[in-house]
Every structure is written in C-alpha cells, then in structure tokens.
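This report concerns only the one structure given below.
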Amino acid sequence: MNAKLSSPEAARLSRRALLQAAAAAAALLGAAGSAAAQIKVSRASVAYQDQPDGGRRCGICAHFVPPGACRIVQGPISPQGYCTLFTPASQNG
Amino acid sequence: MILHSWRRAAALGAVLLAIGLGAGARPAAALPLYARQTGLVCANCHTAFFELTPFGRRFKLGGYTLGGGKSSLPPFAVMLQPTFTHTAKGQPGGASPGFGPNDNFALQEASVFTGGRITDHLGAFVQSTYDGVAHRFGWDNTDIRYANTVKLGGHNLLWGVTLNNNPSVQDVWNTTPAWSFPFISPTLSPTPAAGTFIEETYAQRVLGLGAYGFLDDSLYVELSGYRSLAKGTELLLGVDTTDESPIDGIAPYWRVAVERDFGKNSLEIGTFGLESNVRPLRMTAAGTDAFTDVGVDAQYQWISGRQAVTFRTSWIHEDHDLAASHALGLADRTHDTLRSFHASLSYIFDNTWSLTGGRFSLFGTRDATLYGTANGKPDTGGWIAEIAYLPFMHGGPKFWPWFNARIGLQYTRYDKFDGAGKNFDGAGRNAGDNNTILLYAWIMF
C-alpha cells in the first residue's frame, strides 16, 4: 500500500472530500427538487407527422394538451397529427 | 487502513443513497415500474424488450423522469428468468455445483427493481438480483442520473450526470456491452476463458461518475471515470471477488455517438472506450498492467407500423500492457491484443414476435499462461439464432396491465472455443460439443 495515502492526514482529507461531496449532492438534489417542467422528447424520435393515422390522431390522445401541445413531445402539435406514442385517452394507465 | 474504512463507508453510502432514492421515489411511473410511471405501454420504449426504440433512448437520457401515468403503486418491479439449458455434450462433473452434466432447469435470475422518477430531473434504474445458479444475492445494474435541458444559442442540449456500476450500463444503444445481443445468455453452459475488460468484467465491481450531453437530438458525448470497490464492500454487496483484478486509481470511459432519425429510420454510428490500469489478481509487487479498450459501433433501426428491423454491430480492440503480470508469472508476454466482434439482425412483428440471428467472434495473441487454454489462443466464435414471443408488449392482462413476458428459444453454435474448433481442451472436447439450446421465460411484473 502507498504509505502516503494511508497517513492520518490523507484520512482527514478524505473526510473533508466526503463532506464536500455530500454538500454537492445536497445542492444537486435541491436544484433537482426545485426544477419545473419535465423533459420532452423530439418529434423526430417518435416519428411525428401532421396527418392522422387512420382514426388515430393527437386530438384524442391521452398525452395531448389542448390547443396544440403534448406533455411528452416537443411542440407545436397539431390535433390532427400522429406519432408512435398515440394512446387513446381512455387507456392511459 | 483508516482510508480503506472511509472508502468502504463512501461506497456503502452511495449504495444506500441509491436504494434510499429508489425507495423514496414518487409513485408515478419498460420496466413495469416505468410503464406505470409514464402511462405508456412497453412497446413505446422497446421494439422487443430490452432493445430500445428512439423514444426509449430519450426516456433514459432524460433520467428516467418522464411522468404522466395515473398509477399510485410504489415504484417496484420483479423479474424472473426460469431456464432450461441443453448442451450438445454434457459437462463432466456438472454444469455448475449442484447441477447435472446436462439438461438443467434453473431459476437463472430473480431480480427486484426500483427507481424511476424521483424529481422532474432526477431518476434511477436500480436492480438487485438473486443468481439461482451461484445461489448468490447481490446488487446488479444501477444507474442514477440527473438530467436537464439548456438552450445554447440556437442549439438544444440535453445534459446529465450519471452514477453507475458498470461501464456502458448507462448507454442507450444496444451495441455496447451491457445491453447488446444476446439479451439473455445461458449460465449453465461452458463459458469462454477470455473476454475484453470492457465487456462486463467490471460489472458491479466498480462505481463510476460521468457527465454527458446530447446536442440537437443527435450528437452524444460522455466522459466518465470508474473506480474499483474495496473487496469488503464487494462482499457486502454480494459480488463474486474470485480471481478479480481491480482497477488501480480511476479508469476513464468515453463515448461519442451520432444518431439521425428520419421518418421510420434511426441510424447511429459511434465509438466508446475504457483505459484501465489493473492490479493483477490484487497483487501489487510488480506494479500494474494497462488495458486500453477502443470500440466502434453502429445501429440501424427501421420501425414501420407493426414491423421493425434492427441491425447492430460493434468491434472492440483491446491492447494489453502486461508488464506486471509477466513479472509475476501470470502471462507469457508483455504485450497482447484481443479483438471482439458482434453483429446481429432482428426482425420484429407487432412487438410480439422477434427473430434474431447474430455472429460473435473473439480472437487475439497466443498466451497460454494468461488464458489457460490448451493451445494458448483465446479465440472463440460462433452464431446465435433466437426466436422470442412477447405477448404483452401492448399491455398485460386486466388484473395487472404492467405484466410482461418474453418466452424464447435460443441456439448457440460454436465454431471455435478457447482457441480451437477440435479438441480445444486437450481432452478431446470439440467446440461443437458446447453448442447450446436455451429455453427461457423472462417474466416482468
């Protein structure tokens, strides 16, 4: 074992480092807790299109936020649009 | 010694923090607990679990935080993997302690998961597993992350910090070691003697902290550092410490990838790697060995209505500087190389039927002392074919809509094993004798 690393001074530094890490973690958690909106995904990642897919369209989807947004996908979203996350409003679990 | 105690305390603290964060997560939300959290079905995040869709990748990059589900159940899920394993020729003495030479039934793994969304920007994937072959319970893949978005000029940056215990477990493409095909492997069939360090050698034996950015929904860059756990901490966490060679100091891990999504297509090309100084078998008298793993990978997905096709490939080149092992009599040479290749192609219908064929190949320089093979070569190669049925990807039975299952039949055919196709062990066993049929049920609820 490296003698320098096992010295009491190193142990004190280690405790200080741990306290600093704990403080940083607390700050991170605080920042996380105070943050607001959830992260939305891109339209390309869910193959969004401005046209409906048969009878399936954003306007009747559980994730649609009237008049033109989605709680999951970055906007703007057309009520006549469609993407791979389509979930009928009645089925959202 | 005092410092060692602190190291143990720090590692234990991190794990307790992980478990505590998971237990305290808000009940909200294709782990079944993620399905409940988001209100989405498994098929939204997975073509056939656990391969991720483009949306599934962003759910993970976003820190597992996406909400929207109405369930108020606590954030826990259970996984069971009962298996039947048959090898072309039995393994004298038993496939594993307590098992027969051939045709073994086992509860290969039973896991409990927790995690999911903790705050709008903090989330986790925390798994603990009972290994039904080794009869050992311990911590398993763990990834706790903070993620957020920021505007940089006209560019969108999704950025985050990950704390995890397995290099590449934080990755979102199914080409890097932790999440690549085959998604399940038999633990009661013979295992090759050699493998690159980045391919699961350090899984659960390290703690890593990293930062990542995903620019304009396309360019992913990550830098992480991994440190080995103290042996006492590993034993406390249920990790098998037999013959392990821990990292000396911090091992940097990097990942750069570009993904382009256009219409029904998603194409990714990337590189990843790990640079680790290693104390061979925990011995320090001769210094350390150095291992450099550099990988390149690519993945193409085509997802159209009820059909999907995925092609994945990776190539890893590992350089060994074995000065310490050579001095200790653990290697014949001071410099070796290993190369690992994987490629697989899947066709998935309605997220319900999955057909996959794959090729794997490992080869490198001859070193009989290091690998312990009869002819000194580490080479192993073969093919894998798998058919799987996933009846609940669009929702489980009414009494538990988050139930999911993957029932599969997998065949592995070796054309080389531990250095040779014929008589690889010097006792007359051929590579083909290790050909394996695995019948499994992978149940999640």
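Every number here is computed from the coordinates shown, using simple stated rules; none is lab data. Please read all numbers here as calculations on a predicted model, not as lab measurements. A quick note on method: Cβ atoms are made from the backbone with ideal geometry, for glycine too, and the neighbour counts reach across all protein chains shown.
About the Cα centre of chain B, how large is the charge dipole given +1 on each Lys and Arg Cβ and -1 on each Asp and Glu Cβ? Please answer in debye to the nearest 20. All intermediate terms of the calculation are to be shown ahead of the outcome.
Details: 34 positive and 38 negative charges, 227 e Å.
It works out to roughly 1080 debye.
Between B:Lys264 and B:Thr191, take the C-beta separation as r, use R0 = 51 Å, and let me know the FRET efficiency to the nearest 0.05. The partial results should precede the final answer.
Working: r = 38 Å, r/R0 = 0.75.
So, using R0 = 51 Å, E works out to roughly 0.85.
How would B:Asp332, B:Asp261 line up from fewest to most surrounding beta-carbon atoms within 10 angstrom? Each step should come with its number before you reach the end.
Numbers: B:Asp332 17, B:Asp261 23.
Placing the least packed residue first, the sequence is B:Asp332, B:Asp261.
What's the average, rounded to a whole number, of partner chain beta-carbon atoms within 10 Å of each residue's beta-carbon in B:40-48? Could you put the intermediate results ahead of the total?
Working: counts 7, 4, 0, 2, 6, 1, 0, 0, 0.
Partner-chain Cβ atoms within 10 Å, mean over residues of B:40-48: 2.
Give me the log10 of I(q) over I(0) for the protein assembly as shown at q = 0.09 Å⁻¹, as the Debye formula computes it from C-alpha points; what are the numbers?
Debye output, listed in q order: -0.68.
Go ahead and collect, in residue order, the members of region B:76-119 whose backbone nitrogen is under 11 Å from a label point 7 Å along the Cα-Cβ direction of B:Ile437.
Correct set: B:85-88, B:103.
Of B:Lys60/B:Lys89; B:Lys60/B:Lys264; A:Lys40/B:Lys264, which sit over 31 Å apart, Cα to Cα?
Working: B:Lys60/B:Lys89 42 Å; B:Lys60/B:Lys264 20 Å; A:Lys40/B:Lys264 20 Å.
Listed pairs above 31 Å: B:Lys60/B:Lys89.
Based on alpha-carbon centroids, what's the gap between region B:87-123 and region B:277-300 in Å, whole number please?
So the two Cα centres are separated by 26 Å.
Starting with the fewest neighbours, write out B:Arg36, B:Arg359, B:Arg117 ranked by other beta-carbon atoms found within 10 Å of each beta-carbon. Provide the component values of the computation, followed by the final result.
Numbers: B:Arg36 25, B:Arg359 14, B:Arg117 28.
Ranking B:Arg36, B:Arg359, B:Arg117 by Cβ neighbours within 10 Å, fewest first, gives B:Arg359, B:Arg36, B:Arg117.
Assuming R0 = 22 Å, what is the FRET efficiency of B:Ala374 and B:Arg339, from their Cβ-Cβ distance, to the nearest 0.05?
Working: r = 21 Å, r/R0 = 0.94.
For B:Ala374 and B:Arg339, the calculated efficiency is 0.60.
Given R₀ = 22 Å, what would the calculated FRET efficiency be for B:Ala323 paired with B:Asp240, taking r from the Cβ atoms and rounding to 0.05? Don't jump to the answer; show the numbers that get you there.
On the way: r = 27 Å, r/R0 = 1.23.
Computed FRET efficiency for B:Ala323 and B:Asp240: 0.20.
How high is the relative contact order of region B:337-445? Use alpha-carbon pairs under 8 Å, at least six apart in sequence, and give a whole percent.
Numbers: 265 pairs, mean separation 23.9, N = 109.
Normalised by residue count, the contact order of region B:337-445 is 22 percent.
Give the average, rounded to an integer, of partner chain Cβ atoms located within 10 angstrom of each Cβ in B:116-123. Before the final figure, lay out the partial values.
Details: counts 0, 1, 3, 8, 8, 10, 6, 1.
Shielding by partners across B:116-123 averages 5.
Positive end of the charge dipole of chain B (Lys, Arg +1 and Asp, Glu -1 on Cβ, about the Cα centre): tell me which of B:Pro74, B:Leu355, B:Val258 has its Cα farthest that way.
My answer, from the dipole projection, is B:Pro74.
For B:His135, A:His63, which order do you get if you count the other beta carbons within 10 Å of each Cβ and list the fewest first? If you can, show how the numbers build up before the last one.
Working: B:His135 10, A:His63 21.
Ordered by Cβ neighbours within 10 Å, fewest first: B:His135, A:His63.
Plugging the Kirkwood radius over Cα pairs into Stokes-Einstein for chain B, at a temperature of 4 °C and a viscosity of 1.567 mPa s, what D comes out in µm²/s?
For these conditions, the coefficient is 57 µm²/s.
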